[in-house]
Every structure is written in C-alpha cells, then in structure tokens.
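A short worksheet on the structure shown next.
The values are calculated or read from the model by the stated rules, or taken from the named source; none is laboratory data. Computed from a prediction, not measured in an experiment: that's the story for all the values here. Cβ: placed from backbone, ideal geometry, glycine included. Neighbour counts: every protein chain shown.
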Amino acid sequence: MTHGAGGLPSILAVGLAGALLASGSALAQDDEFDDCVFVDGECIEGYVYVAEFVSPQELKSLMEAESDDIVIVDTAAELIFEDERIPGSVNFPWVHELSLPVTLPRDKTLVIYCACNDHEDSVDMAQKLGLVGYLDVKVLEGGWFEWLDLGYETVGLAVEETQ
Amino acid sequence: MKNATTRIAAAAATCCAVLLAAAAWAQSSISGLQIGSPTASIPVLDVTGQYAGQRICYVCEFQDVPNVLAFFRETGDETADLIRQLDELYLRHKHEDFKAVAAIVVGEEASPWLEELSASAGLEIPLVVFRRGPRDVAMRLYEIDPEVDNTFLVTVNRFVVDNVSGIAADEFGRVVDATEQMMAQNTP
C-alpha cells in the first residue's frame, strides 16, 4: 500500500521529466531549423531566391534553333493559354501551392512567363519550383507583354480567329 | 378543417419564402466567380491608370492585398455613379493597402468615356477595358454574364471572398459592406 502510494508520484515525476526533455529537444530542433529554407528537402540556411532571366530575343533564338534543352512554361489559366500563347509552350497555371508531384521535366531548362507587369506570377512560380528541386528555371524577361510588343509569333484560338 | 387550412397556408408561405430566398440567392450570384474561387491573372488594356495605353494585369499587380475587381457591361450614368462610389470606397481604405480597379467589358470604344469620367471626377482607381470586348477570354475565365450590368468581386489573397452583381447605384452599400467585412477580417 505504502509502496504503491510512493510509486505513483515517482512515475509521474519520471513522466514529467521525460515530457520536459522531449519538448526541450523539440524546441532545440525548431531553433536548429529557424533560419532554414528547405530546397528539395534539404535545409539551406539563409537561402534567398534570386530570379534568373532570359531575354525574349534569346528565347526566340533558342526556339529557332529548335533547342531540345528548354521547355517554355506559361503560367496563365488554361482558357487564357488556349486563347493565345508562345508556340511550343506548355501550360502550368499559377497556383498558391504546388500540388506534388510536379509533372514538368527536371532535366531541361524551364523558361517561365506570365502576363504580368513585373513578372509577379512567373517569379513566384519559379521560386516555388526551385523549392521542390527544379534548379534550372529561368524567367522570361518582360513576359508575355514584351513578347507581344516585339511582334513575336503567338498561337492559339484568338490567332486562328484573326487569320 | 380550420386546422388543415392553416397548415396548408403555413406550408405555402414557407414554400414562397424558400423560393424567394432561392431567387434572391440566384439574383445575387448570377455573374462572376463564386466565393472561394481563385483569381487568375487577366490581361486588360489600361486606360487611365499608371500604365495607360498598355496591356496590364491588375490581378497580378494587386497580388494578395484586399481589393475589388469591378466589371461593367457598358458605359452610362449608372456605371459612372457606381465607379465614383467605388473610388470613394478606395479612398477610404487606401491607407490599409486596399486596391480597386474598374473594367468596362465593351472594349476599347469605351476609352474616351473612361478618360473623361476619370478626369472630371478626379478618380484615383484605374479604369481599364477588355481588349476584345465581350468576346474577351476574361469573360469566360471570370464567368461574367454579358447580360448583367455589373459584377463586383471582393477578393483577398487572390481568392474571391464575396460576389455582388447586378446592382443599382443605390445598392452599392452591399459592396461597401462586403469590403469592410473583408478589411476587418484581414486586419492583423
């Protein structure tokens, strides 16, 4: 009886100590990853995303050379993409959160563009893709609007309508 | 017998109330993206904003900040009144990083009217047009009913949080209420 009564506080004390240790360890682990940005599952401290750009002229040259090393990615919604786009581009609409797995090829240079004033959606998408391991992603400088201003070729339903 | 009549009358009244509520709901959500829909980028032609004369995407420009995207079927006194009220709403909340834009669906032919309205009323919100008018892909993307006079999408974090459409100028309070509710919820 006495033994039983004395045992319960001991068990509680051991349990409490264990819980404290465990939470302390978890806190230490949180601290350890405080400055961490996970890039493709790897902790990189002090990671800052810096967009890399490719000019429309350079992209056009790559297209004319029929380069197999690039994939042009349009971040517009599907309807906009169907309406008008850069020839050969694939549609990967901008989203708040990427749903995994991403089906874009990992062994090519992705050239991302959007119909934005300051590359808002394309830079955001490039950054998001970088975080899941797409490390060769470039943003089309000037985006869709610059492409149109330069009079470069486009394809899609809207183009077919005007022909 | 009297009881049965009362029950039938009560049932009929309930049916009417349900039908009226359904009609009111249908009336209030007949045009534009539904609540909870994401707002995709849409290129428009800027008429009076800082990018006047250029293609622009105000949805991209606004990003996550609270904003109202207003679409008007055509120009006219009612549209002018609503745009002025939208500008006043913007002025009341611009210090809270609130944004607003008004798009006229009819297309570039509306540009002179918009320029005149903006100048005469001293509007600060940008006025834009759909480049291809009612045939613009933005109409389908944003599910805008071409028969409805106006559509106000109250959005934040690039999601629609309220949709007010087909209102008269004296019903703009509904947009104000929806916006202020969003602003209150968005306050850190």
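In table form, for the structure just shown:
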quantity: Any hit, region A:110-127, residues being more than 11 Å from chain B (Cβ to nearest Cβ), among the charged types (D, E, K, R) and out of contact with any helix residue (DSSP H, G or I) (no Cβ under 6 Å at 6 or more places or on another chain); calculated: no
quantity: Residue match in region B:49-69 (condition: among the polar types (S, T, N, Q), surrounded by 22 or more Cβ atoms within 10 Å (Cβ to Cβ) and more than 22 Å from B:Gln181 (Cβ to Cβ)); calculated: no
quantity: Residue check, A:Ile70 in contact with a Ser or Thr (Cβ under 7 Å, 6 or more places away or on another chain) and closer than 19 Å to B:Pro43 by Cα; calculated: no
quantity: Total residues in region A:87-124, condition in a helix (DSSP H, G or I) and hydrophobic (A, V, I, L, M, F, W, C); calculated: 1
quantity: Condition met for A:Ala51 (at the interface with another protein chain (Cβ under 10 Å from one of its Cβ atoms), touching a helix residue (DSSP H, G or I) at 6+ places or on another chain (Cβ under 8 Å) and under 26 Å from B:Pro38 (Cβ atoms)); calculated: no
quantity: Where a residue in region B:73-90 is farther than 14 Å from B:Phe152 by Cβ and its partner, wherever it lies, is buried (at least 20 other Cβ atoms within 10 Å of the Cβ), with Cβ under 6 Å and at least six apart; calculated: B:Thr75/B:Ala110; B:Ala80/B:Leu117
quantity: Meets criteria (at pLDDT below 75, in contact with an Asp or Glu (Cβ under 9 Å, 6 or more places away or on another chain) and surrounded by 10 or more Cβ atoms within 10 Å (Cβ to Cβ)) for A:Asp35; calculated: yes
quantity: Residue check for A:Glu84: in contact (Cβ under 8 Å) with a residue 24 or more places away in the chain, within 14 Å of chain B (Cβ to nearest Cβ), under 19 Å from A:Val155 (Cβ atoms) and acidic (Asp, Glu); calculated: yes
quantity: The lone exception for B:Thr151 - which of (1) surrounded by 19 or more Cβ atoms within 10 Å (Cβ to Cβ); (2) modelled with pLDDT under 95 it fails; calculated: (2)
quantity: Criterion violated by A:Gly7 - all others in (1) under 30 Å from A:Asp149 (Cα atoms); (2) of a type outside the set (D, E, K, R); (3) at pLDDT below 75 satisfied; calculated: (1)
quantity: Selection status of A:Val111, modelled with pLDDT of 95 or more and either farther than 14 Å from B:Ile42 by Cα or in contact with a strand residue (DSSP E or B) (Cβ under 7 Å, 6 or more places away or on another chain) (or both); calculated: yes
quantity: Among the residues listed as A:Gly143, A:Gly151, the single one being touching a Cys at 6+ places or on another chain (Cβ under 9 Å), modelled with pLDDT of 95 or more and either within 14 Å of chain B (Cβ to nearest Cβ) or surrounded by fewer than 12 Cβ atoms within 10 Å (Cβ to Cβ) (or both); calculated: A:Gly143
quantity: Selected residue (only one of B:Val101, B:Val47 is within 14 Å of chain A (Cβ to nearest Cβ) and at pLDDT 95 or above); calculated: B:Val101
quantity: Residue count, region A:42-64 (criterion: in contact (Cβ under 8 Å) with a residue 40 or more places away in the chain and either within 16 Å of A:Leu135 (Cβ to Cβ) or under 15 Å from the mean Cα position of the chain (by Cα) (or both)); calculated: 5
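Matching residues to (1) buried (at least 21 other Cβ atoms within 10 Å of the Cβ); (2) within 24 Å of B:Arg158 (Cα to Cα):
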{"residue": "A:Asp121", "(1), (2)": "yes, yes"}
{"residue": "A:Ala126", "(1), (2)": "yes, yes"}
{"residue": "A:Val132", "(1), (2)": "no, yes"}
{"residue": "A:Val159", "(1), (2)": "no, no"}
